[in-house]
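See below for the structure under consideration.
The values are calculated or read from the model by the stated rules, or taken from the named source; none is laboratory data. Not measured: the values here are computed from a predicted model. Every residue, glycine as well, gets a Cβ built from its backbone with ideal geometry; the counts of neighbours run over all protein chains shown.
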Amino acid sequence: MAFAYDRLTEITYVAAAAGTVFTNPAAQTTYIRLIVIHNTNATAETVDLWNVPDNAGAVGTASDANKFWQESVAADATTMIEFPVPGLVLESENDTIQAKTTTGSKVTIQIFGGKE
């Protein structure tokens, strides 16, 4: 399969509990290069992100061991997280990026990168 940069996810809301926002499909390596987070709330929101490896082929659980980002995002602000080449690499089926925020359905997320 050829390498191609792409929008990996549509814009979606982040929940108040850790949940999957991207799942790596079978037979694909994904290179996450940019995560765009926007807070639509009138108050700041704390956003947490995890790079969760698969658990024996199933989706794994977010934990402190795989958390890679936590930040307070100001009201009506956008934060962009860029990863240098090759990016954040997801190699196995059901490797996931998971997210949570203080108040569900107030923060949006979209992920861009490459896949092969």
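Within the range 35-60, how many residues are closer than 16 Å to E71 by Cα and either touching a Phe, Trp or Tyr at 6+ places or on another chain (Cβ under 6 Å) or assigned to a strand (DSSP E or B) (or both)? Step through it out loud before you land on a result.
In the first step, residues of the range 35-60 are kept if they are closer than 16 Å to E71 by Cα; the result is 35-41, 43-51.
Narrowing the set further to residues that are either touching a Phe, Trp or Tyr at 6+ places or on another chain (Cβ under 6 Å) or assigned to a strand (DSSP E or B) (or both) leaves 35-39, 45-51.
Total satisfying the criteria: 12.
What pairs come up if the first residue lies in the range 52-75 and is surrounded by 16 or more Cβ atoms within 10 Å (Cβ to Cβ), the second is among the hydrophobic types (A, V, I, L, M, F, W, C) and assigned to a loop (DSSP other than H, G, I, E, B), and their beta carbons are under 8 Å apart, counting only those six or more places apart or on different chains?
Taking only residues 6 or more apart or on different chains, the pairs are V52/V59; V52/A62; A62/A18; V73/A44.
With the requirement that a residue be modelled with pLDDT of 95 or more and either touching a Leu at 6+ places or on another chain (Cβ under 6 Å) or in a strand (DSSP E or B) (or both), what does the range 1-24 give you? Can you show your working first?
Step one: filter the range 1-24 for residues modelled with pLDDT of 95 or more, giving 7-24.
Passing the criteria: R7, T12, Y13, G19, T20, V21, F22, T23, N24.
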